[in-house]
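Encoded as C-alpha cells, the structure appears first; notes follow it.
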Amino acid sequence: GAVVSQHPSRVICKSGTSVKIECRSLDFQATTMFWYRQFPKQSLMLMATSNEGSKATYEQGVEKDKFLINHASLTLSTLTVTSAHPEDSSFYICSAPPGPDTEAFFGQGTRLTVV
Amino acid sequence: GQNIDQPTEMTATEGAIVQINCTYQTSGFNGLFWYQQHAGEAPTFLSYNVLDGLEEKGRFSSFLSRSKGYSYLLLKELQMKDSASYLCAAGGYQKVTFGTGTKLQVIP
C-alpha cells in the first residue's frame, strides 16, 4: 500500500517556540492531506485539510494563524505549530485521503510536548 | 453535520467473539472505515465498507447498512493483542470523520 512518512515522531519544545511537522507521500502524489490532532483518550479530530497549490481548509475552531499549513508539492505537506503552549501538547497525525477503493494512509504521528 | 457514535469501552474474554457497533450521520458519505489504534501509535487500517453487507477478512469482519447508518466490527477468536482502541470513521475523499473510539480490553 501507499506510504506516508511523518517526521519527527517525537518533539519537545519550549513554550513560545515554533515546531514544524512534515508529511511526505513516498510512492504516490497527494494533492490533499488531512491533519488531525488527538488528545489522550480521545479520538482523532480533523484540524485542517491541506491542498497542493491552494490555501488549506480549516475546521471550525482551529486557529489558522497558529497552525500554519503548507502543501508545497505533490509529495510534501507541513504543519507548523507557532508560538506553542503547553495546551498544544498532543499527538498530531496526517493522512492522505481515501480513494474509491482504498483506505486513508496515515503517517506515523508526532508526539508534541511543549514545556 | 458529522455525528458518529460508538461505545466508549468494552471488555471481552480471550477466545470469544465481540461486536463493536457504530452509528453515523455524515454528509458526503462514501464509505465506512474501521481502524485499530494502540496507545501512542498511528491507526492501522482494518476494513473499508462501501456497499451494504458483510465483508470478512480473517478474524475480522465488518458490516454496513447505508440505509440505517449503521456498521459493526466483529472480532472472532479474540487474542490478548487485540486489546486496543477501535475507531469507526465515515466519509470519503473530501473529509473523513472519526468516532470517539471504542477501547476494547481482552481478559484471560
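Would you point out the residue of the range A:74-115, among those that are polar (S, T, N, Q), touching a strand residue (DSSP E or B) at 6+ places or on another chain (Cβ under 9 Å) and more than 14 Å from chain B (Cβ to nearest Cβ), that is surrounded by the most Cβ atoms within 10 Å (Cβ to Cβ)?
Here the answer is A:Ser77.
Give me the strands (runs of 3 or more DSSP E) completely within chain B, filtered to those with at least 1 residues that are away from chain A (no Cβ under 14 Å) and over 10 Å from the mean Cα position of the chain (by Cα), ordered by residue number.
B:9-13, B:18-25, B:53-57, B:60-65, B:70-75, B:102-107
Return yes when A:Met45 is open to solvent by 50 Å² or more (accessible area, probe 1.4 Å) and within 14 Å of chain B (Cβ to nearest Cβ) and no when it is not.
The answer is yes for A:Met45.
I want to confirm something. Restricting to the range A:1-21 and keeping residues that are part of a strand (DSSP E or B) and open to solvent by 60 Å² or more (accessible area, probe 1.4 Å), which single residue is farthest from B:Ser85 (Cα to Cα)?
Filtering first and then ranking leaves A:Lys20.
A:Phe39 - would you say it is aromatic (Phe, Trp, Tyr), under 30 Å from B:Asn30 (Cβ atoms), at the interface with another protein chain (Cβ under 9 Å from one of its Cβ atoms) and open to solvent by 30 Å² or more (accessible area, probe 1.4 Å)?
The answer is no for A:Phe39.
The values are calculated or read from the model by the stated rules, or taken from the named source; none is laboratory data. Keep in mind it's a predicted model, so treat the numbers as computed, not measured. Methodologically, a virtual Cβ is constructed for each residue, glycine included, from the backbone with ideal geometry; neighbour enumeration extends over all protein chains shown. Quick note on the areas: whole protein, heavy atoms, side chains included, nothing else; ligands and nucleic acids left out. Shrake-Rupley method; radii C 1.70, N 1.55, O 1.52, S 1.80 Å.
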